1. Does VAL131 satisfy being outside any loop (DSSP other than H, G, I, E, B), in contact (Cβ under 8 Å) with a residue 60 or more places away in the chain and open to solvent by less than 40 Å² (accessible area, probe 1.4 Å)?
2. Do any residues in segment 13-29 that are farther than 21 Å from ALA164 by Cβ have Cβ atoms under 8 Å from those of residues that are modelled with pLDDT under 90 and not in a helix (DSSP H, G or I), where the two are at least six apart or on different chains, and which pairs are they?
3. Take ALA98 and decide whether it is farther than 26 Å from ASN32 by Cα, out of contact with any helix residue (DSSP H, G or I) (no Cβ under 7 Å at 6 or more places or on another chain), of a type in the set (Gly, Ala, Ser) and open to solvent by 20 Å² or more (accessible area, probe 1.4 Å).
4. ILE48 is checked against (1) surrounded by 13 or more Cβ atoms within 10 Å (Cβ to Cβ); (2) under 17 Å from the mean Cα position of the chain (by Cα); (3) farther than 21 Å from PRO138 by Cβ and fails just one. What number does that condition carry?
5. Would you call LEU144 without any contact (Cβ under 8 Å) to a residue 40 or more places away in the chain, outside any loop (DSSP other than H, G, I, E, B) and open to solvent by less than 40 Å² (accessible area, probe 1.4 Å)?
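The values are calculated or read from the model by the stated rules, or taken from the named source; none is laboratory data. These numbers were taken from a predicted model, which means no experiment stands behind them. All Cβ positions, glycine included, derive from the backbone under ideal geometry; neighbour counts span all protein chains shown. Surface areas here come from the heavy atoms of the whole protein model, side chains and all, with no ligands, DNA or RNA. Shrake-Rupley method; radii C 1.70, N 1.55, O 1.52, S 1.80 Å.
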Amino acid sequence: MKNGFTMVEAVVMLAIVIAISAVVLFSFTGFNEGAALNRSSRELALAIRRAQNMSLAVTQIQTSAGPRIPPAVGLKLSTLAPATYFTFADLLHDNKYASADDAKIGSDATFERGIKLDSLKDKDGVARATVHIIFAAPEATVFLGDENGVSVGDKLDITLKTPAGQTRTVVVRTSGQVSVR
């Protein structure tokens, strides 16, 4: 009698290994998306902190009219362009971004792996299409406003979403607190 496996046993074993590998790879993709969501939410929180630091630093930026010290620095987030956001100098200090009057600082930041802004909600849970988070010198006071420069209250929930539906929320308060939930 010879020891070994028959062809049927080998095929069954191979099918089991393939099935387990498929389940592991599928789960790994979800894990990668979750890790990307965590990174993106933390990078957004850091970008908000960076804007706050820039408003405190009193550094000059280059504008079309020459170097200027901006009275306020902010971030523009919009569900109309859900994959990107950017930092800007609010040169008129009118609590909003206007491309004709204000200056972008750096280039647009992009969320990774298909992650997008899902919603921007004020303290009452009202959804907003566009929100500006503005820090004004010298105290880096925080203003949360809509596209017209009108206040949306003292709290903003920024929800990011993966293509698979996982979410993470960055909470910004006018007290200066920025947290990731």
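1. Details: outside any loop (DSSP other than H, G, I, E, B): yes; in contact (Cβ under 8 Å) with a residue 60 or more places away in the chain: no; open to solvent by less than 40 Å² (accessible area, probe 1.4 Å): yes.
So VAL131 does not fit the description; no.
2. Between residues of segment 13-29 that are farther than 21 Å from ALA164 by Cβ and residues that are modelled with pLDDT under 90 and not in a helix (DSSP H, G or I), the close pairs are MET13/PHE5.
3. yes
4. Result: ILE48 fails condition (3) only.
5. Values: without any contact (Cβ under 8 Å) to a residue 40 or more places away in the chain: yes; outside any loop (DSSP other than H, G, I, E, B): yes; open to solvent by less than 40 Å² (accessible area, probe 1.4 Å): yes.
The answer is yes for LEU144.
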